[in-house]
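Note sheet for the following structure.
The values are calculated or read from the model by the stated rules, or taken from the named source; none is laboratory data. A quick note: this is a predicted structure, and the numbers were derived from the prediction, not measured. Every residue, glycine as well, gets a Cβ built from its backbone with ideal geometry; the counts of neighbours run over all protein chains shown. Heads up: the accessible areas ignore ligands, DNA and RNA and are worked out on the full protein's heavy atoms, side chains in. Shrake-Rupley method; radii C 1.70, N 1.55, O 1.52, S 1.80 Å.
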Amino acid sequence: TDIHAAIGRSQLGRLQENAPRRRQIAEVYFEEIKGVQLPSVDSRAFHVFHQFTISVPAEERDSFVEQLRVHGVGVGIYYPTPVHRLPAFNRSSVLPATEAAAQGVVSLPVYPSLTESDLEHICSSVNSVAAAGA
């Protein structure tokens, strides 16, 4: 929408300011979070972590998300449908890895205004839910 475009456009002006903080948040997640599959980042890449997406077993994802929300952690599932299944593509391809990935991904908060206390809470909540087996 026009409103989303205006917000997005204004955020582009803050990209240089926000990217380092997002990278700091991701470093904390990489160091502290256990029991889930963390994203992989090519050492040659400069990642700005617009999203920090972890993977959990597909059959546990909904429960995992629900439990994190009970802990007060806002999470997102940004791409629940694999691209090849979207109406614009209308493909009948069989892509089992893509299907599995879409069913098991969860994005954690990575917005620049997260505090150290917020990060500690998010990490401990993810670790607790992962250890409990969602």
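Below is a table of values for the structure above.
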read-out: Estimated FRET transfer efficiency when R0 is 30 angstrom, pair Gln51-Asn90 (beta carbons, to 0.05); value: 0.70
read-out: Label zone at Gln37, where the point sits 7 Å out along the Cα-to-Cβ direction: region 53-95 residues whose backbone N lies under 13 Å; value: 53-61
read-out: Percent carbon-and-sulfur accessible area, region 31-117, ignoring ligands, DNA and RNA, probe 1.4 Å; value: 54 percent
read-out: Relative packing of peptides 115-125, 77-87 - highest average C-beta neighbours within 10 Å first; value: 115-125, 77-87
read-out: Mean Cβ neighbour count within 10 Å, used as a protection proxy, ranking 62-75, 30-43 highest first; value: 62-75, 30-43
read-out: Net charge of neighbours whose Cβ lies under 13 Å from the Cβ of Val105, counting Lys and Arg as +1 and Asp and Glu as -1; value: -2
read-out: Average accessible surface area per residue within region 1-64, 1.4 Å rolling probe, Å²; value: 72 Å²
read-out: 5 angstrom amide H check on Phe52, placed H, neighbours 5+ away; value: Leu108
read-out: Distance histogram for the chain (every C-alpha pair counted, 5 angstrom bins, percent rounded to whole numbers); value: 2, 9, 17, 19, 18, 16, 12, 6, 1, 0
